[in-house]
């Protein structure tokens, strides 16, 4: 019974959604089910938020390792919750948008969340360098091709690429590095991407069929013998 | 005479690379933290002491530029801000340049967001780009901000056939029915061009799949560099032009300044950021060479043993 | 010819002539008022204008039911006014009018010059409508003839998607066929996938080193099939972990994934006969915010130093950050995603990468269950179809472009129709 109900729901909803593509009166179903999922996911916020609070309060209470950071987490959680719920500092009344300019929520978001997000994203610059240093080694033929392509693309994304190959006559303009970089992106890279996307599409179809028909049920638990 | 502030770090970088090359010839690998220091200096130097390079628009950028340039004045453009603060440094310059270009050509823009974080970034464009550069334009007449709507692809599914059903009012609570721009716009099919700036999901791909292709509306995309390759299958039919990463932004800014001299002195963050990108790319290429030398020297050493 | 009549007859003829002249003048003046367009309204003047520019109305206006919908749209097509083609055209646009039943005309849309069609999606099924379109100048409207009355119809089957249905049937049919074949006991060959073969060794390594396994199911919610694929693999991985008596941590970015993850791991521990070893703290919700989640997971990696890291599911810009941090702590990493943009980062930074469809095939591969393996075989039929169609398309396009062979162009056009998603 525990698995039968979700499997039945999966089968009915999955089949309906497939059929709705071909039956116009059912055309709005996808939109409806998407909205329903969003509503369910919103309720699930309480589960996630509750878990976050429980873990960190427990850590703080029992003075576990690094409990000081839990204070930061809980303080941030409480501050943003209060700022959003009570619209602290919002111009206008409690019905105004939660992120209205001038509100405490917006100010903290703009001054704290935005720079922190940008900081994490900027780590990519360092990690691309270290990953490139480690990965682009000419160990074999394929790795050498990868290395050459990477060089051309790297050069092509800078003005030096044009500077270095400006002398190439127009009849061989493809050999100018920026054009070669675009050709690599548009031809071999695109061919590979399309092949992967076709495979992914078919994989999604197969996986979805397994889920709808109940052949695949391990995501529900209880089928891991 | 080149600026001393630029020369000293550059000499340090290239000197350091030569030193690492010598170590690599002896078969010594480079530690990760050394790579991080070099990247830090390579990126910080052009930011502190601006170095800019000339950019020429590649065809994939020029196509989008020409489309906006050649649309009849008064055309209606939908522009969606689908990114978060993390992506903003890369795509906000594109959004600003596209907005500037469209408004200079007297097109009407409808701004919207599919990402909750996009709203504040859209406000940034409105406050720091549109209001200073186009003080004569009126919100609700020359452009409209309809704001953010949750639902991802669900939103696209609705607005492709009925825009006002999903966005009955703008962010100021003014009904769209009373806004002149929407006299001729009932759905996405009625826009002359849709510009989507972002790179995650929902993003340009979803715009193509749910709006551009079914409704036969041209889409222009400004995306993070890593996402651009995914859009090439759709270029030039469904996606008429792609601004990929900082380089795409720099090319567009350059083209805008050349075609419309009033923007000659505008802030060009895309062009400015090409300095750090260029130097970082050079350093990465140098490390790749050093890494291969160290690898082959190390392999030869092991074979000898 | 000279008329010479008597005085009386000349008076009578003079009166008759004047009468005739009066009648002709009155008729000439009254004609426009008397002449009514049976199908359309009169010219509408927005204001008196002695210098009114007269514009031609649209022609060939046809209202038809919008095909393959729920009876909620009617499509209008027309030939724009011939005055629209002039360089100095005075046309400022077109206005569409709708009459519902016997009601008054209602303006429903204003369209720019050059328009030749309109989709009215505000109609009600089983109601009757007729339309006319007015050509607009600065001061007047010039209406067209009215269309015949029409009622939107609901179509139960979208025949436009017939080809899509056939293709879907072929692929789904192949999947179901091979599932059935596999159930009957036929052995199906599946090539080795290095990343999946390495799972047992990777978990064993964690057990030997006394360090935990970190499982990251991507940053998307349960509505993404990649997350579901990751959870199906989690079931197998957590069973192995339970058998080896190792530890698992699973930080998640979505609350629903947290709940599902707990269920999966719990049942794995129960199946392994170690229900007491399970704890809800193995799966923790961090935050929905992308880089907040990444920062937390990086911190976990640096502090806990997992021996094995699984990065399976939907990833975005954070993929390289996670993979490089995992590499820096010396973990063996098995990654898999169906997002092509992130695959290069995983390939560069991880030890094993499941590329696209391999992620979806993983659960079937690991379980070895015949029904699931059969679905992989059926998927391959789809690939064969794709390969054949691509070859036909490439050959047709080459011949059509290079040698202008019309037959090849016809094949291309047919392929476009078959594989169109509109």
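Just so you know, all these numbers are worked out from the coordinates, no wet-lab data involved. The shown structure was predicted, so the numbers you read here are calculated from the model rather than taken from an experiment. Ideal geometry is used to build each Cβ from the backbone, glycine not excepted, and the neighbour counts take in all protein chains shown.
So here's what we get for this one:
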item	result
Folded to 0 to 90 degrees: helix C:255-271 orientation relative to chain C principal axis, Cα	40 degrees
Mean ellipticity per residue at 222 nm, deg cm²/dmol - from DSSP H runs of n ≥ 4 across chain B, formula -39500 (n - 2.57)	-15000 deg cm²/dmol
Zone residues, the stretch B:247-290, relative to residue B:56, backbone N less than 14 Å from point 7 Å out along Cα-to-Cβ	B:251, B:255
C-alpha long axis of helix C:357-367 to longest principal axis of chain C, angle in °	40 degrees
Debye log10 I(q)/I(0) at q = 0.04, 0.08 Å⁻¹ for the protein assembly as shown, Cα point scatterers	-0.24, -0.89
Share antiparallel - DSSP beta bridges, the protein assembly as shown, percent rounded to 5	40 percent
FRET efficiency, residue A:77 to residue C:209 (Cβ-Cβ, R0 56 Å, nearest 0.05)	0.95
Residue exposure sequence - C:279, C:255, C:375 - by fewest surrounding Cβ within 10 Å	C:279, C:255, C:375
For the stretch B:37-71 and the stretch A:191-213, distance of Cα centres in Å	37 Å
Reduced Cα scattering model of chain A, Debye log10 I(q)/I(0), q = 0.18 Å⁻¹	-1.20
For A:35-44, mean number of other protein chain Cβ atoms within 10 Å	4
Hull shadow area, averaged, the stretch B:59-261 [alpha-carbon convex hull, nm²]	9.8 nm²
Distance histogram in 10 Å bins (all Cα pairs of the stretch A:7-107, percent per bin)	13, 23, 23, 20, 18, 3, 0
Net length gained if the chain between residue C:160 and residue C:385 were fully extended (0.36 nm per residue, minus Cα distance)	78.9 nm
Pair residue C:124, residue C:56: separation of 7 Å Cα→Cβ label points (nm)	3.9 nm
Proportion of all alpha-carbon pairs of chain C beyond 40 Å (%)	53 percent
Gain in span if fully extended, residue A:63 to residue A:40, counting 0.36 nm per residue against the direct Cα distance	4.8 nm
On Cα atoms only, tilt of C:290-304 relative to the major axis of chain C in degrees	0 degrees
Residue exposure sequence - A:197, C:250, B:79 - by fewest surrounding Cβ within 10 Å	A:197, C:250, B:79
Relative contact order for chain A, counting Cα pairs under 8 Å that sit 6 or more residues apart, in percent	13 percent
Residues B:159, A:39, C:355 arranged by fewest to most Cβ contacts within 10 Å	A:39, C:355, B:159
Cβ crowding within 10 Å averaged over residues, with B:92-102, A:58-68, C:131-141 ranked highest first	B:92-102, C:131-141, A:58-68
Packing-based order for B:133-143, C:341-351, using average beta carbon neighbours within 10 Å, highest first	C:341-351, B:133-143
Percent breakdown of C-alpha pair distances by 5 Å bin, ordered from the shortest bin, for the stretch C:236-354	2, 12, 20, 22, 22, 15, 6, 1, 0
Inverse of mean 1/r across different Cα pairs in the stretch B:41-134, Kirkwood, Å	14.9 Å
14 Å cut-off, amide nitrogen to a point 7 angstrom out along residue C:303 Cα→Cβ, residues in the stretch A:37-61	A:55-61
Residue B:116-residue B:18 pseudo-label distance in nm [points 7 Å out on the Cα-to-Cβ vector]	5.5 nm
Pairwise centroid distance, computed over Cα atoms, of the stretch B:226-305 with the stretch A:1-32, Å	45 Å
Averaged over B:123-135, number of beta-carbon atoms from partner chains that fall within 10 Å	1
Peptide ranges C:198-205, B:174-181, C:397-404 listed from the most packed, as the mean C-beta count within 10 angstrom indicates	C:198-205, B:174-181, C:397-404
Peptide A:108-121 - average C-beta neighbours from other chains (10 Å radius)	6
